[in-house]
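One structure is given here, and the rest of the page talks about it.
The values are calculated or read from the model by the stated rules, or taken from the named source; none is laboratory data. Bear in mind the structure is a predicted one, so any value in this text is a computation, not a measurement. Backbone-built Cβ (ideal geometry, glycine too); neighbour counts: all protein chains shown. Side chains included, ligands, DNA and RNA excluded: accessible areas come from the protein's heavy atoms. Shrake-Rupley method; radii C 1.70, N 1.55, O 1.52, S 1.80 Å.
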Amino acid sequence: MGEALAKPRLTKPPKLVTFVEAEYPEAERSEGSTASVVLQIAIGERGEVTDAKVLESAGPNFDAAALAAVRGFVFEPAEIDGKPAAIRINYRYEFVFRDAAPTYGVLTGVVRLRDGAPLSGVAVALDNGASAVTDAEGRFHFDELAPGKYRVLLSRDDLKTLQTEESVEAGQKLESTYEVEFEPLPSEGDEEEVDDLEIVVTAPKLTKQTVSTRVDAKDAKRVAGTQGDVLKIVENLPGVARATAGSGRLVVWGAAPEDTRVYVDGVRVPLLYHFGGLRSIVPSELVSSVELVPGAYGSPYGRGLGGLVKVDTRDPSLERVRGGATLDLLDASVAAHGPVAGDYQFALAGRRSHLDFVLNQATDDDLDEFFPIPRYYDAQAKLRKNFSPTESLELSGLLSSDTLSRGTASRDPADRKRETRELDFQRVSLRYQKAHADGTKVDVVPWFGRDGSSLETQFGGIPSLLEVDATVFGLRASVMGRVTPSITGTAGIDVEASSTSARRRGSFSTPGREGDTRAFGQPPSDQINTDTWESVIGSAAPFVEADVELAGGALHIVPGLRLDPYFVSVNRRVPADADVGDIGAYSSNIAVEPRLSTRIALSKRATIKAAYGEYRQPPLPEDLSAVFGNPLLGASSARHVLFGGAFELFPGLSLETTAFYTQSEGLAVRNPVSAPLVAEALVGIGEGRSFGTQFLLRREAKDGVFGWIAYTLLRSERRDEPGAAYRLFDYDQTHVLTALAAYALGAGFDIGARFRFSSGYPRTEVTGAYYDARRDLYEPTLGPHNGIRIPYFAELDVRAAKRWTFGTNELEVYVDVQNVTNRGNAEEIAYSSDYSTKRYIEGLPILPVAGATFGF
Amino acid sequence: MRTKLSILISLAATTVACVPDFDTESTLVTSPRVVAIRSVPAEAREGEAVEFEALVADPEDSGVEPSFSLCLARKPLTELGPVNPACLVRGADESVLDPLGSGARVSATIPATACASFGPERPEPRPGEPAGRPVDPDSSGGFYLPVVAFLGSDVTLGASRLRCDLAGIPRNAAVELNQRYRVNENPAVDELELVRADGSSVTLRDGDDAVTVERGERVTFRVRWSECPSESECGDGVCGAREDAATCEADCITPKGCTGAERYAVYDAESQSVVERAEALFVSYLASGGTFEEERSDARAGESFAENGWRAPAQSGPMQVWGVLRDDRGGSGFVSALVQVK
């Protein structure tokens, strides 16, 4: 009898080497349930799937998705008796509904040359080990990145390695465009560093506010009319009124300049621009980006009725000391940043104006008699320690000083005038940031500082002085994390307190206030008084905000709540009386400020949005005088409503439009009654409203071109007591249009242009005059309050720059010509001394400013 | 004169701009105009009688006279000008304007509520409320009762300085101020001189024959006033701030002021004490022809005269010249002269 045939024996089971994830059926997405399909898979002797069929169904949609997926599986073939063989197996495919509630972020983007040509074959490596290679269109993509900062290395065999840094947030898709200027690799023996050429990171878009415009520093520097000052770009954004020449005031959505709050790295500062508006307070070398939120912002911010400006400074270089210097007609600045010992990095910068020196060399005249020349300086310092790529501690300092003086000597005592304004402030802050692997982010910024300001005038013998010295303290702390798969929550506290000493003497009417009915040049009242007072204003506002993602991420609902308690303490309730002694005043209040915003992505290219918010602003310390103001002034409040949409018309070209309405109450105004009570020179009975719409047609930096057209149609009104008729706000501008573009010609040449058009500010018409025989001067009689306007403004500015690169150094020389057509734009209405003749004060004539920036 | 309006006249925010010139002949008088209103006495208490005198610059000698009214309406804080605008309307309600009549000189009585409406006394409270805010003084510590003169379509605002007791100041300071304060005396022009380019001068007196100047000639007008004693000294004819009837009968039984730059006591709110200051005087110039170099001029330190250049017109004829001497406590004095241009 022969040997019986042996039963075949499975000596090696098949092993799945390529898994294909089945798409969760769209039709089942609304249910969001789990499902499993049991399949029988036939695997060929080469490991391929030769057949598949459903054994246990989960419904036709799941079955089809599972079959499609497993047909793409690849196995290491099974072996029977040691030889590859076909086999059938049963396989359970599990469907798990995963809504877009990731604890990861996405980094995607494109690498291209400055002329816009995409670069393929560039290796993009992250410091967590992930890497990708750019495709033919220069694109790369990273999924599932844990939140945090990543070092990004770009390299190609024939090119130098470049490095930059990105912050990835959970649930966010960070789109970056890297414009690079590659140079051939150094020849052998060349010891030049290979990792320090410049990368320009443009337009990272992380939508956080319902309406905001964020501009990258490198783009902003190229805009004509800004003289290379990155932060001056804010004046060109939608919703911002054109400031009077040389004023630098930020009027956003018809709010008073002091109602818009400015933050640098989370620290509030009193102004964005130095006096005269010629320069911002942070050198461009240190600015990473600037964002303007004109209104309806979320609950983390408050204490302002107007907009919000957030300046982010750049992180110091991790690789080596870098820096730059800029010199032009206005000022000179230097900056340096880089690593120091261990994991520490530093940044230092300083700037000082020299316009007064330059102009005084050019003329023998005492220029202060003709032009008020701003004198300013500022300095910044930062020391940063990175505990890890996702955890850092930063100690920062910022100081700024401004002086503006003007005056005229005359034999005529009525014509002797002198005005001196000063503002100094300093800030020290500590910032701790940590991003956990689960997406939770912690950000804590305690800060401390001092604000000192003074305004002293002499106008034909009428003196006036206002000095304010404040010690300020703030703390901003927040935690953001995933609460549920579809809800991201933020909770925090925003604390601010100021202790202020103020002194004022002189004319009651100086300094002027919004709503004053007066004519330009009208002499101040000769009624004078004096007061010194001290106040403490404090507020600790806890806030929460949730970002609720629905419809697969297409719908975001962001409710927020801010509890804003505040107190005001003033040392004098009534004017000083030596025989009685001081009686202080204390007031406090608490308000709940709801905020809500929604974004609905109608498609990949269209989003609509709406938002509502309530805001409160404590009184200004200078308004709390028992003589000139009111120690019991309460907070003013505002409501913002907006509705709008954002549309990507073409790749790189977007249109954003927003309609808005704001209403404010409790604004401090001069007491309108003929016999006001003591310590009620100001009362909080003013009301205001602004409404309008803004458009932003923006082309992102591409092919060396970027720019935008911003247009705002707006009406802003005030009334100085309830029930009175509304009048135009002093800073109302019906039309504000800004069109700007910059183009990289190649070979280091850059050109740009900016055109601005805006309505003139309202003014009160002078209808006649009467003679004041006691003071020997004419006083105007006035028509309806703000019943006329200054003529419209139109100006074209151009800029040209050329950049040379020497190894790791770069030199840029630029010419920025403001008002290239030399148009005489009216800035103010001036009157003859008897008000019988009126003419316009015109803004700057053609003004070329040449400068150079050196970077290393 | 040719007035250049500088941007610097503004305290507004415009920093750098191109400033227009105004070719305003602001010292030229071509039609009758009230150029000064003098209260006699210069300072008075509630219930006291005063006279208001108008200097009408009338190149045609038409003899027109203004009509006067007392302004009774308090000025709200929202009004940045010197007077309630309701008082500038001719024929306003009598609760606003109290007519005083017409003429170069009219009489009035300081209203009993003047210190509450225009001075340091707190105004009558509204029902159920405390009394209101007092009016702020000027830099000389003065409060003023407004008077309005209407001449044709022109409106001119004048004032009488109010003598009111200060409230809300330390008791010691109030006592000291009462002892040391001397009411203002209207300044007076002692002499008006015409100084030629060669340094020769001639004194112009009202009623004298007109002095002759060449067409286009530049001359200087010099206005002189009395020197006031810088220290209180008994027997100097002025009852100074540190004298009284007990220490110096000669000067203070009937207190005498000085028609120049007087020294006066004033309560300084900042130091909460009584301090002594000297008046600042300045002269305003007007003419029916020619051009003054400045609208006003004042004295240099230590001098008691002010001067101003005047270029005679290109055409011949008589030219009237007016000068108004003002102190910074609301007082004023006038002078006028005739110049023949050939």
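Here is how the numbers come out for the structure above:
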| item | result |
| --- | --- |
| Protein heavy-atom accessible area occluded, B/A pair - total, 1.4 Å probe, Å² | 6700 Å² |
| Nearest-ten-degree value, helix A:60-70 long axis tilted from longest Cα axis of chain A | 70 degrees |
| Relative contact order computed over chain A (Cα-Cα under 8 Å; 6+ residues apart), in percent | 8 percent |
| Nonlocal amide H pairs with B:Glu48, under 5 Å, H built at 1.01 Å | B:Ile110 |
| Shielding by partners, peptide B:66-79 (average Cβ within 10 angstrom, other chains) | 4 |
| In degrees, nearest ten, helix B:171-180 long axis to first principal axis of chain B (Cα) | 40 degrees |
| 222 nm mean residue ellipticity, helices alone, for chain A (DSSP H n ≥ 4; -39,500 (n - 2.57); rounded to 500) | -1000 deg cm²/dmol |
| For peptides B:285-298, B:112-125, A:282-295, sequence by mean Cβ density within 10 Å, most packed first | A:282-295, B:285-298, B:112-125 |
| Carbon plus sulfur fraction of accessible area for the protein assembly as shown, probe 1.4 Å, in percent | 53 percent |
| Spatial separation of Cα centroids for the stretch A:559-603 and the stretch A:700-722, in angstrom | 30 Å |
| Label point distance in nm, B:Asp206-B:Ser153, each placed 7 Å from Cα along Cα→Cβ | 3.1 nm |
| Calculated from backbone phi, Karplus (6.51, -1.76, 1.60) coupling profile of the stretch A:106-113 in Hz, x at Gly/Pro | 10, 10, 9, x, 9, 10, 8, 7 |
| Geometric extent, Cα atoms of chain B - Rg, Dmax (angstrom) | 21.8, 72 |
| Theoretical ellipticity at 222 nm over chain B - DSSP helices of four or more residues, -39500 (n - 2.57) apiece, nearest 500 | -1000 deg cm²/dmol |
| Reachable lysines from A:Lys221, criterion Cα separation under 19 angstrom, eight or more residues apart if same chain | A:Lys205, A:Lys232, A:Lys310, A:Lys702, A:Lys802 |
| The stretch A:406-524: Cα Rg divided by the 2.2 N^0.38 Å rule of thumb | 1.74 |
| P(r) histogram, all alpha-carbon pairs of the protein assembly as shown included - 20 Å bins from 0, percent | 10, 33, 29, 17, 7, 3, 1, 0, 0 |
| Separation in nanometres of the label points that stand 7 Å from Cα toward Cβ, at B:Asn172 and A:Val483 | 6.5 nm |
| Centroid-to-centroid separation of the stretch A:371-419 and the stretch B:219-273 [C-alpha atoms, Å] | 48 Å |
| Relative contact order for chain B, counting Cα pairs under 8 Å that sit 6 or more residues apart, in percent | 17 percent |
| Under 5 Å, built H, 5+ apart or other chain: amide partners of A:Tyr770 | A:Glu779, A:Thr781 |
| Peptide A:404-411 - average C-beta neighbours from other chains (10 Å radius) | 4 |
| The stretch A:58-97 - Rg over Rh from alpha carbon coordinates, Kirkwood radius | 1.11 |
| The protein assembly as shown, dipole about Cα centre (Lys/Arg Cβ +1, Asp/Glu Cβ -1), debye to the nearest 20 | 3120 debye |
| Using θ = phi - 60° and Karplus 6.51 cos²θ - 1.76 cosθ + 1.60, couplings along the stretch A:251-266 (whole Hz; Gly, Pro as x) | 10, 10, 6, x, 9, 5, x, 6, 8, 9, 9, 10, 10, 10, 6, x |
| The stretch A:414-521, dipole about Cα centre (Lys/Arg Cβ +1, Asp/Glu Cβ -1), debye to the nearest 20 | 40 debye |
| Cα→Cβ-extended label distance, 7 Å offset, between A:Val38 and A:Arg605, nm | 4.8 nm |
| Given charges at Cβ of Lys, Arg, Asp, Glu: the protein assembly as shown dipole, positive-most of B:Leu325, A:Pro389, A:Ala679 | A:Pro389 |
| For residues of B:267-275, the mean tally of beta carbons on other chains within 10 Å | 3 |
| The stretch B:37-51 - phi-based ³J(HN,Hα) in whole Hz, Karplus 6.51/-1.76/1.60, Gly and Pro as x | 10, 10, 8, 10, x, 5, 9, 8, 8, 4, x, 7, 8, 9, 10 |
| For the stretch A:129-157 and the stretch A:260-318, distance of Cα centres in Å | 30 Å |
| Flagged links, alpha-carbon separation over 27 Å, of A:Lys149/A:Lys609; A:Lys382/A:Lys434; A:Lys385/A:Lys441 | A:Lys149/A:Lys609 |
| Value in Å of the Kirkwood radius, where the stretch A:260-311 supplies the Cα pairs that are averaged | 11.7 Å |
